[in-house]
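*Asks:* After the structure tokens below, expect a handful of questions from me.
The values are calculated or read from the model by the stated rules, or taken from the named source; none is laboratory data. Please read these numbers as outputs of a predicted model, since none were measured by experiment. Note that we place each Cβ from the backbone using ideal geometry, even for glycine, and neighbour counts take in every protein chain shown.
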Amino acid sequence: MKKNQIDRVWRWQITASAAAALLIACLLGVGFGPVNLNFGSIIRTLLGLPNGLENEDRTLLLELRLPRVVLGALVGAALATSGAVYQSVFRNPLADPYLLGAASGAGLGATIAITNGGGNLHALLPIFAFLGGVLAVAATFLVAGRLFADPSTLLLAGIAVGSFATAFQTYLQQRNSAALRPVYSWILGELTVANWDVVKWAGFYILIALFVLIRISKVLDALMLSDEEAYSLGVSPQKIRFIAVAAATLATATAVSASGLIGFVGIVVPHLVRGLTKRATNRSLLSIAFVGAAFLVIADLGARTLLSPAELPIGVITAFVGAPFFLFVLRARNRGSQ
Amino acid sequence: MINIENLSVRFDDAEVLQSINLDIPEGTWSCLVGPNGAGKTTLLRTMLGMQPYSGSIKYNGREIAKNKSLNIAFVPQRPSIPAAMSVAEYVMLGRAKLDGWGKESAHSRNIVHEMLEATQLLGMQGQLVNTLSGGEMQRVLIARALVQEPEVMLLDEPTSALDLHHQIAVLNKVEEIKATGVTIISTMHDITLGAMYAERIIIMQSGRVLLDGESQSVIHSPELRSAFDDRISVHLLENGRPVIIAAKRAAGLEQGVI
């Protein structure tokens with residue numbers, strides 16, 4: 001640090017480290033499982049070099065593990081980034097991506113698909129869950145009265161819409177007791193449905209949403225201030241808030257419809273990155289996306305291998321590993337600020 | 001020079017500012033005074049471009065709402081304090097309009113350093129803003145406004161959360177800022193303090209400007225008492241300086257030496 005200058009708020013090295021963490025996580029994710037694959041061969045196969053994997057191993061890598069790891073990374077990035085954005089928009093460190101009814105709406109949509117889907121369940125479920133999530137958040141804005149509603153009104157409207165959707169979902173479950181188990185398993189989150197088709201459509205929406213959020217990430221810092229302060233710094237907070245919530249909702253609804261309700265990523269990862277880097281700025285958003293992706297890929301690796309050949313729901317892993325780690329970071333940060 | 005002409009602001013059916021006309025010269029300190037609900041904060045918010053209005057607010061001949069390059073700093077009465085943000089990071093936000101969001105030039109980091117020093121915050125730059133005392137936070141807000149290098153600085157009740165010692169420290173700092181040519185407009189509940197620092201007092205009531213003029217003449221005016229329903233009284237100190245205090249009941253013309 002030069003004399004007469006304060007330290008930089010953000011450094012590119014932090015983002016680069018997060019990207020490296022994601023790469024390592026992905027390599028571990030495709031390498032380990034009931035059958036372990038050689039890392040050298042994996043890299044050669046992925047780069048199209050000679051002496052790569054062959055036969056079953058090649059199929060295992062390209063058709064099973066890789067789409068699953070890519071979907072895990074996409075969902076993790078979507079949930080972590082949306083969580084961070086919601087926390088800035090609602091000026092609430094406990095805000096998560098499911099706050100405005102996206103989760104309850106998606107849950108209701110999925111339950112409708114499961115209870116009425118017949119044989120073609122998995123084809124319908126993501127579409128119903130996606131529509132449920134998006135419609136619930138749209139209803140939240142409608143109940144709140146206007147597009148540029150203030151954060152606390154939106155929050156309360158989100159709670160009301162979420163409760164209504166959950167009540168309706170419970171009613172449907174009670175009427176179709178056979179659906180209880182698949183709904184429950186979906187609620188705990190799963191990446192078992194991953195294939196390249198799911199990756200393609202989920203990737204399309206999630207990458208669009210993430211692109212928008214990363215583009216506006218620097219201005220998002222203004223939302224942590226009062227509206228008057230944001231205006232004095234040249235930002236119209238209502239517009240930014242609306243764009244941010246819309247993009248975060250698109251990412252969340254897509255993630256939920258592809259993999260069910262995976263909890264804790266949206267809260268833990270933003271705090272983890274901000275705690276470790278000791279920076280609150282939204283310039284950390286890209287790093288949060290990378291770390292969220294890495295976190296979910298590793299969590300999925302745990303879900304696949306810990307009770308192998310059986311699988312644990314990934315939501316159990318994210319909470320089981322995430323909660324103690326989160327508490328550790330929180331404690332370290334509080335100690336640092338005293 | 002700020003020229004406000006025939007400015008009106010409506011919230012739904014209510015007209016919260018009515019036909020305001022003011023001329024505020026550059027490099028002066030004007031203090032908005034009046035009871036709660038008089039429209040003081042709305043006037044500040046309108047100047048920030050937050051409120052649709054009819055009439056005009058011009059800075060050096062250009063309408064404020066259309067002048068994106070005009071830098072108006074705002075020091076809020078109740079700031080929204082982000083969790084886990086350091087003092088340096090928070091003050092650096094003040095450079096956002098000049099540098100572009102997310103950019104931090106070496107020049108900006110110099111200025112932030114300089115202003116932290118000027119507000120006696122150097123050494124606290126790594127501390128989290130949500131752990132600061134009221135007086136420290138006020139200094140941080142002033143530092144952030146200063147790094148904005150503003151033409152105009154709006155302060156909403158800058159001293160309301162502070163003890164006497166810190167009130168004077170903050171107001172002295174604002175006076176120094178004014179001396180550099182920045183136009184200061186503040187709201188203040190403490191009219192005595194307002195008159196001590198601002199050369200000009202603007203009395204507001206029910207969305208209108210009742211009186212606007214040189215501080216010492218305004219505080220002796222019947223309009224000031226009428227704005228507060230005659231529930232204030234003006235006393236003169238031995239050195240001739242006026243002190244305005246709340247009266248228990250409508251006092252009429254009560255003046256004396258204390």
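*Asks:* So if I check each of B:MET188, B:MET85, which one is more than 9 Å from every other protein chain (Cβ to nearest Cβ) and at pLDDT 85 or above?
*Replies:* Only one candidate qualifies: B:MET188.
*Asks:* While we're on this one: Does B:ALA73 count as within 7 Å of chain A (Cβ to nearest Cβ), over 30 Å from A:LEU276 (Cβ atoms) and touching a strand residue (DSSP E or B) at 6+ places or on another chain (Cβ under 9 Å)?
*Replies:* Criteria met by B:ALA73.
*Asks:* Can you tell me which of (1) more than 23 Å from B:LEU17 (Cα to Cα); (2) among the basic types (Lys, Arg); (3) out of contact with any Phe, Trp or Tyr (no Cβ under 7 Å at 6 or more places or on another chain) is the one B:ARG208 doesn't meet?
*Replies:* (1)
*Asks:* OK, next. For segment A:261-272, check the following and say yes or no: at least one residue is under 23 Å from A:ILE187 (Cα atoms) and within 12 Å of chain B (Cβ to nearest Cβ).
*Replies:* Checked against the condition, which is being under 23 Å from A:ILE187 (Cα atoms) and within 12 Å of chain B (Cβ to nearest Cβ), segment A:261-272 yields at least one hit.
*Asks:* Would you check if B:VAL112 is under 25 Å from the mean Cα position of the chain (by Cα), more than 7 Å from chain A (Cβ to nearest Cβ), surrounded by 22 or more Cβ atoms within 10 Å (Cβ to Cβ) and among the aliphatic types (A, V, I, L, M)?
*Replies:* The answer is no for B:VAL112.
*Asks:* For the condition within 14 Å of chain B (Cβ to nearest Cβ), surrounded by 19 or more Cβ atoms within 10 Å (Cβ to Cβ) and not aromatic (Phe, Trp, Tyr), what is the one hit in A:ARG283, A:ARG304?
*Replies:* A:ARG283
*Asks:* Let me ask another. Can you find a residue in segment B:158-178 that is within 14 Å of chain A (Cβ to nearest Cβ), under 13 Å from the mean Cα position of the chain (by Cα) and modelled with pLDDT under 90?
*Replies:* The answer is yes, given that some residue of segment B:158-178 is within 14 Å of chain A (Cβ to nearest Cβ), under 13 Å from the mean Cα position of the chain (by Cα) and modelled with pLDDT under 90.
*Asks:* May I pose another question? Which residue out of B:GLY37, B:GLY49, B:GLY27 is within 14 Å of another protein chain (Cβ to nearest Cβ) and among the small types (Gly, Ala, Ser)?
*Replies:* Among B:GLY37, B:GLY49, B:GLY27, only B:GLY49 is within 14 Å of another protein chain (Cβ to nearest Cβ) and among the small types (Gly, Ala, Ser).
*Asks:* Please give the helices (runs of 4 or more DSSP H) falling wholly within segment A:1-112 in which 3 or more residues are at pLDDT 90 or above, of a type in the set (Gly, Ala, Ser) and buried (at least 16 other Cβ atoms within 10 Å of the Cβ).
*Replies:* Qualifying helices (runs of 4 or more DSSP H): A:12-31, A:66-89.
*Asks:* Take the residues in segment B:35-60 that are more than 12 Å from B:ILE185 (Cβ to Cβ), touching a residue at least 24 places away in the same chain (Cβ under 8 Å) and assigned to a loop (DSSP other than H, G, I, E, B); name whichever of them is nearest to the chain's Cα centre (by Cα).
*Replies:* Per the stated criteria, the residue is B:GLY39.
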